[in-house]
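The values are calculated or read from the model by the stated rules, or taken from the named source; none is laboratory data. Just so we're clear, the structure is a prediction, and the values are computed from it rather than from any experiment. Cβ atoms come from the backbone with ideal geometry, glycine included; neighbour counts cover every protein chain shown. Quick note on the areas: whole protein, heavy atoms, side chains included, nothing else; ligands and nucleic acids left out. Shrake-Rupley method; radii C 1.70, N 1.55, O 1.52, S 1.80 Å.
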Amino acid sequence: MNDEVGDGEVLASYNFAYLDEQTKRMIRRAILKAIAIPGYQVPFASREMPMPYGWGTGGVQVTAAIIGPEDTLKVIDQGADDTTNAVSIRAFFAKTARVKTTMQTGKATLIQTRHRIPEEALTNDQILVYQVPIPEPLRFLEPRETETRKMHGLEEYGLMHVKLYEDIAKNGHIATTYAYPVKVAGRYVMDPSPTPKFDNPKMNQCEALQLFGAGREKRIYAVPPYTNVVSLDFEDHPFEVTKFEEPCALCGSEGAYLDEVILDDKGHKMFVCSDTDYCEKQQRKKMQNLGEEAKQRAFS
Amino acid sequence: MMGQLPMKDAYEGGFENPVFDSQNTFRAIMKAMAEPGLIVFCKKMTMPPNPLLPLTAAAFLTLCDEDVSFYLANESINEAAKNWIKFQTGARLASSLSEAGFIFVDSGRSLLNLEVLAHGTDECPDRSATLIVQTNGFQTGDEFILEGPGIKTRRSLFIEGLPEGFLKAWTKNVQRFPCGVDILFVSSDGFAGLPRSTRIVKKQNIKRNANVCCG
Ligand SMILES: [Zn+2]
């Protein structure tokens, strides 16, 4: 169908948000089932997208099935809005769905992400869509889908605990730092993959709806708002969030997730926030505070 | 004569803008299912034949197509409504209640026998039925206190016209989790979701205005 646009330009004949309506309906049905059974992986008939697997085709399909003209979209990859992956997905929806886009967490209604959950607490009016490469948390223990299905069905998660405990035996602590398994609403073990375990606590009782799309593996799963998401652990070895020894070199934040940045070939490096929007906001705040202080000093 | 009139009705009254109207409807339904018991308002975008409410029709248009089957649970249902859903969505009419993916219920009268509906298996709990249940509104009627995923502490939901044994039937449905059926309640202007993960912790008959939020 061709749409007349105000300036007389005729839009190319693609579907709104790329997907055809039948595909959207199929994905929408899967999303509702995923919401009704928190943490359970619903199979869906993943479509070819105009980008390779590994570029977030699962997340893109979920976003395409829910996005509307009134949304404001933010896309992040490793916390940053300006990486190739994030830029191309944002451009994709700006073109095919003509939605507003933003880099500011607080202004987005829909956030598609790979690897990170924004530092700024999400609200009840927002939806977070994760791009997931490997949705099955039990896959490395059991390669057969028929078996992992049974294990989830019977709530047989003993092996998972054994694996974590082997970590402890080997390292003295649980060494898993990414894709750290969680239990959702007291029932399903779920892979928050591939976010760092630093972000796991943000999933718990999160105010935003969280949707997960795995394109190659053809799975959709969900965590409704205000749902318990508990990182697996042991009484004598409780779950611990990664702590960083120094504050962000740019904004001075303590308690944000930091990336290591190599400065030169002599091995100098610094640690900065991985969430670029958050870091910029903190830097502005810092500058404002410095300005206020200078003003106060000048007038006192 | 040969019943041409109902056929004429069948191809009228659908979405004017299928792409955007179904997206809009879906977001309302998704919000309702993600936050059980919350009344999510949605504008009327369809004109279906009786007894289908505009939002019921919108839900069918948004969720159903050739890939799914539907069933009309009430005997009183007229051919016009059946033909309308069939024509507008392309969904198959299921041969029995237990095979249907989507089930229409006009007022809650036949809402007691949830066990006979498709409720999935332990390994594939998603192979289950969704009930689309019309109510006279969310302002009066029995008050249900809900708990579960999507609800911060507890939420109260008023539903008019549910049968006496509903609480018992729903409790059984919840006990079957992760198997079970999900309910989408529909009124003249809003949706309220009751997915299988939602527990009804209390039912009372106090007449009071329901809390209404969101849009
Ligand atoms: Zn920073």
Quiz item: In whole Hz, what ³J(HN,Hα) sequence does the range B:131-145 give by Karplus (6.51, -1.76, 1.60; θ = phi - 60°), x for Gly and Pro?
Solution: 9, 10, 10, 7, 10, 7, x, 10, 9, 10, x, 6, 9, 10, 9
Quiz item: So what J values fall out for the range A:222-232 if you push phi through Karplus, 6.51 cos²θ - 1.76 cosθ + 1.60 with θ = phi - 60°, rounded to Hz, Gly and Pro as x?
Solution: 8, 10, x, x, 6, 10, 6, 10, 10, 6, 5
Quiz item: Using just the C-alpha positions of the range B:77-123 as equal point scatterers, what log10 of I(q)/I(0) does the Debye formula give at each q in 0.16, 0.21, 0.27 1/Å?
Solution: -0.54, -0.86, -1.15
Quiz item: So which lysines pass the test for B:LYS202, namely a Cα distance under 28 Å, with those fewer than 8 places away in the same chain ruled out?
Solution: A:LYS33, A:LYS183, B:LYS31, B:LYS152, B:LYS168, B:LYS172
Exercise. With 25 Å as the limit, write out which pairs from A:LYS24/A:LYS281; A:LYS243/A:LYS281; A:LYS100/B:LYS43; A:LYS202/A:LYS243; A:LYS74/A:LYS295 have Cα-Cα distances beyond it, or answer none.
Key: A:LYS24/A:LYS281; A:LYS74/A:LYS295
Quiz item: Taking 1 over the mean of 1/r across every pair of different Cα atoms in the protein assembly as shown, what Kirkwood radius in Å do you get?
Solution: 24.5 Å
Quiz item: In degrees between 0 and 90, to the nearest 10, how far off the longest principal axis of chain B does helix B:54-63 point, with axes built from Cα atoms?
Solution: 90 degrees
Quiz item: Are there GluC sites (Glu not before Pro) in the range A:152-205 that DSSP marks as loop and that have at most 15 other Cβ atoms within 10 Å, and which are they?
Solution: A:GLU155, A:GLU156
Exercise. Starting from the Cα of B:LYS82, draw a straight line to each of the aspartates and glutamates and keep only those under 16 Å, dropping any in the same chain fewer than 8 residues away.
Key: B:ASP9, B:GLU12, B:ASP65, B:GLU66, B:ASP106
Quiz item: Mind ordering A:202-214, A:111-123 by average Cβ neighbours within 10 Å, highest first?
Solution: A:202-214, A:111-123
Practice problem: Under 13 Å Cα to Cα from A:LYS107, which aspartates and glutamates show up? Leave out anything in the same chain fewer than 8 places away. | Solution: A:GLU70, A:ASP71, A:GLU120, A:ASP125, A:ASP277
Quiz item: How crowded by other chains is B:9-20, given as the mean number of beta carbons from other chains within 10 Å of each beta carbon?
Solution: 1
Quiz item: To the nearest 10 degrees, how steep is helix B:18-34 against the longest Cα principal axis of chain B, on a 0 to 90 scale?
Solution: 20 degrees
Quiz item: For chain A, what mean projected area does the convex hull of the alpha carbons give, in nm²?
Solution: 21.6 nm²
Quiz item: What share of the DSSP beta bridges in the range B:18-205 is antiparallel, in percent to the nearest 5?
Solution: 55 percent
Quiz item: With all protein chains present, how much of the accessible area of the protein assembly as shown (probe radius 1.4 Å) comes from carbon and sulfur, to the nearest whole percent?
Solution: 52 percent
Quiz item: When the solvent-accessible surface of protein heavy atoms is calculated with a 1.4 angstrom probe, in what order do A:LEU263, B:LEU63 fall, highest first?
Solution: A:LEU263, B:LEU63
Quiz item: Given labels modelled 7 Å from the Cα in the Cβ direction, how far is it in nm from A:ARG139 to B:ARG109?
Solution: 5.1 nm
Quiz prompt | Cα-based convex hull volume of the range B:65-147 per residue, rounded to whole Å³ | solution = 131 Å³
Quiz item: Quick one: of the DSSP bridges fully inside the protein assembly as shown, what percent are antiparallel, nearest 5?
Solution: 55 percent
Quiz item: Which value, in Å² rounded to 10, gives the accessible area of A:TYR278 with a 1.4 Å probe and all protein chains present?
Solution: 50 Å²
Quiz item: With each run of n ≥ 4 DSSP H residues scored as -39500 (n - 2.57), what mean residue ellipticity at 222 nm is computed for chain A after dividing by its residue count and rounding to the nearest 500 deg cm²/dmol?
Solution: -9500 deg cm²/dmol
Quiz item: Across the residues of A:143-150, average count of Cβ atoms on other protein chains within 10 Å?
Solution: 1
Quiz item: What is the average number of partner chain Cβ atoms found within 10 Å of a Cβ in B:120-133?
Solution: 4
Quiz item: What percentage of all Cα-Cα pairs in the range B:18-205 are separated by more than 23 Å?
Solution: 37 percent
Practice problem: Please work out the average accessible area per residue across the protein assembly as shown, using the 1.4 Å probe convention, and give it in Å². | Solution: 45 Å²
Quiz item: Which value in deg cm²/dmol, rounded to the nearest 500, describes the helix-derived mean residue ellipticity at 222 nm for chain B, given -39,500 (n - 2.57) per DSSP H run of n ≥ 4 and division by the residue count?
Solution: -7500 deg cm²/dmol
Exercise. Could you work out the Kirkwood radius for the range A:46-110, taking every pair of different alpha carbons, averaging 1/r and inverting it, reported in Å?
Key: 11.9 Å
Exercise. Counting only DSSP beta bridges with both residues in the range A:1-145, tell me the antiparallel percent, nearest 5.
Key: 20 percent
Exercise. Enter the angle in degrees (range 0 to 90, nearest 10) between the Cα long axis of helix B:79-89 and the first principal axis of the Cα atoms of chain B, meaning the one along which they spread out most.
Key: 90 degrees
Exercise. Note down the nm distance, to one decimal, between modelled labels 7 Å out along Cα→Cβ at B:GLN175 and at A:ARG297.
Key: 7.2 nm
